[in-house]
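Asks: Before I ask anything, here is the structure I am working with.
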Amino acid sequence: MLNKGEIKKEVSRKTKMSLKDIYLFLDLVKFSMKQSVKKVISIENNIKKEYIVKKNGIGILNTKYGKFYQYNISINDKWEKYSVIVKAELDKKSLLPIFKNKKQIALRIDSGCETKVFGDLTCECDEQLKLAMKKISEIGEGIIINIPFQDARGYGLPFKLASLWLQDELKISTVEAATLLAGEVIDIRTYSGIICILKLFNIKKDYQINLLTNNPKK
């Protein structure tokens, strides 16, 4: 087994990078694991609140739609965990994305959907996610914010599983199943965390957001 010094020399040989450049890049990657904290103000339903936004890590995803940076972010709101993928240039000092086209920031809000991991055909969110990644890849810039704990419109995975059972047995729609389980209020998601992330990424009020969704009401 090679030791650390031998690995660096082997990498230098393969990549044609100098040992100095390898050390600098390794320092950058180690820095990416260092948590950064920012306080952000968000207003939702006329209620102003200060949130603590933590950038916990960043890395590169190689996908069929090209390369994306993935951020692991946590916020002290109801949903806590956010996984964000971004296609953009990267500021090497702050490790935040730099968006060149301020008049077309493509954004997809992807609610958590664990069942899509197993190929659930009832939900179309997996298809929408892939379409959003494809669209952002074509544009060259964009953001997808995944909120794992917003499964089933915020009610959670047990609710989602129950609604899937109803849909299969009674041959009803997602909305009908959710209504039978929850009553008239079938969506309890909140979006202050989205605003916090946009502010973390230095997206200003004069930027134009192109929301990638099949729901015109959004």
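Yes or no, residue by residue, for (1) in the same structural domain as ALA132 (by TED's automatic domain parsing); (2) of a type outside the set (Val, Ile, Thr); (3) assigned to a helix (DSSP H, G or I); (4) at pLDDT 90 or above:
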site: ARG153; (1), (2), (3), (4): yes, yes, yes, yes
site: LEU161; (1), (2), (3), (4): yes, yes, yes, yes
site: ASP187; (1), (2), (3), (4): yes, yes, no, yes
site: THR190; (1), (2), (3), (4): yes, no, no, yes
site: ILE197; (1), (2), (3), (4): yes, no, yes, yes
site: ASP206; (1), (2), (3), (4): yes, yes, no, no
site: PRO216; (1), (2), (3), (4): no, yes, no, no
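Asks: Just checking, which of ASN76, ASN56, ASN45 is without any contact (Cβ under 8 Å) to a residue 12 or more places away in the chain and either under 28 Å from GLN150 (Cα atoms) or not assigned by TED's automatic domain parsing to the domain that holds ILE188 (or both)? Can you show your working first?
Replies: Details: ASN76 fails: without any contact (Cβ under 8 Å) to a residue 12 or more places away in the chain; ASN56 fails: without any contact (Cβ under 8 Å) to a residue 12 or more places away in the chain.
Only one candidate qualifies: ASN45.
Asks: Identify, from the list ILE22, ILE41, ILE60, the residue that is in contact with a helix residue (DSSP H, G or I) (Cβ under 9 Å, 6 or more places away or on another chain) and either assigned to a strand (DSSP E or B) or modelled with pLDDT of 95 or more (or both). Walk me through how you get there before you give the answer.
Replies: Values: ILE22 fails: either assigned to a strand (DSSP E or B) or modelled with pLDDT of 95 or more (or both); ILE60 fails: in contact with a helix residue (DSSP H, G or I) (Cβ under 9 Å, 6 or more places away or on another chain).
So the residue among ILE22, ILE41, ILE60 that is in contact with a helix residue (DSSP H, G or I) (Cβ under 9 Å, 6 or more places away or on another chain) and either assigned to a strand (DSSP E or B) or modelled with pLDDT of 95 or more (or both) is ILE41.
Asks: When you go through (1) without any contact (Cβ under 8 Å) to a residue 40 or more places away in the chain; (2) surrounded by 15 or more Cβ atoms within 10 Å (Cβ to Cβ); (3) outside any strand (DSSP E or B) one by one for GLU127, which number turns out not to apply?
Replies: That leaves (2) as the condition not met.
Asks: So if I check each of ASP91, ASP27, which one is among the acidic types (Asp, Glu) and not assigned by TED's automatic domain parsing to the domain that holds ILE147?
Replies: On the way: ASP91 fails: not assigned by TED's automatic domain parsing to the domain that holds ILE147.
Result: ASP27 is the single residue among ASP91, ASP27 that is among the acidic types (Asp, Glu) and not assigned by TED's automatic domain parsing to the domain that holds ILE147.
Asks: Find the residue count for the range 182-203, including only residues that are more than 22 Å from ILE147 (Cα to Cα) and either surrounded by 15 or more Cβ atoms within 10 Å (Cβ to Cβ) or not acidic (Asp, Glu) (or both). Step through it out loud before you land on a result.
Replies: Step one: list which residues in the range 182-203 are more than 22 Å from ILE147 (Cα to Cα), which gives 183-184.
Now narrow it down to the ones that are either surrounded by 15 or more Cβ atoms within 10 Å (Cβ to Cβ) or not acidic (Asp, Glu) (or both): 183.
Selection size over the range 182-203: 1.
Asks: Is it the case that ASN101 is within 22 Å of GLY59 (Cβ to Cβ), among the polar types (S, T, N, Q) and in contact with an Asp or Glu (Cβ under 9 Å, 6 or more places away or on another chain)? Even if it seems obvious, please write down each step before you answer.
Replies: Numbers: within 22 Å of GLY59 (Cβ to Cβ): no; among the polar types (S, T, N, Q): yes; in contact with an Asp or Glu (Cβ under 9 Å, 6 or more places away or on another chain): yes.
Criteria not met by ASN101.
Asks: Output the number of residues of the range 44-56 satisfying the condition of being at pLDDT below 95 and within 18 Å of ILE203 (Cβ to Cβ).
Replies: Selection size over the range 44-56: 1.
Asks: A further question follows. Of the residues ALA162, ALA132, which single one is surrounded by 15 or more Cβ atoms within 10 Å (Cβ to Cβ) and without any contact (Cβ under 8 Å) to a residue 60 or more places away in the chain?
Replies: Values: ALA132 fails: without any contact (Cβ under 8 Å) to a residue 60 or more places away in the chain.
Just a single option satisfies the conditions, and that option is ALA162.
Asks: On to the next question. Give the residue that is farthest from ILE136 (Cα to Cα), with candidates limited to residues of the range 63-93 that are assigned to a strand (DSSP E or B) and among the aliphatic types (A, V, I, L, M). Reasoning before the result, please.
Replies: Within the range 63-93, the subset assigned to a strand (DSSP E or B) is 63, 66-75, 81-87, 89-90.
Subsequent filtering for residues that are among the aliphatic types (A, V, I, L, M) retains 73, 75, 84-86, 90.
On the way: ILE73: 21, ILE75: 25, VAL84: 13, ILE85: 11, VAL86: 9, LEU90: 16 Å.
Ranking the candidates gives ILE75 first.
The values are calculated or read from the model by the stated rules, or taken from the named source; none is laboratory data. Just so you know, these numbers come straight off a predicted model, no measurement behind them. So basically every Cβ, Gly included, is an ideal-geometry build from the backbone, and we count neighbours across all protein chains shown.
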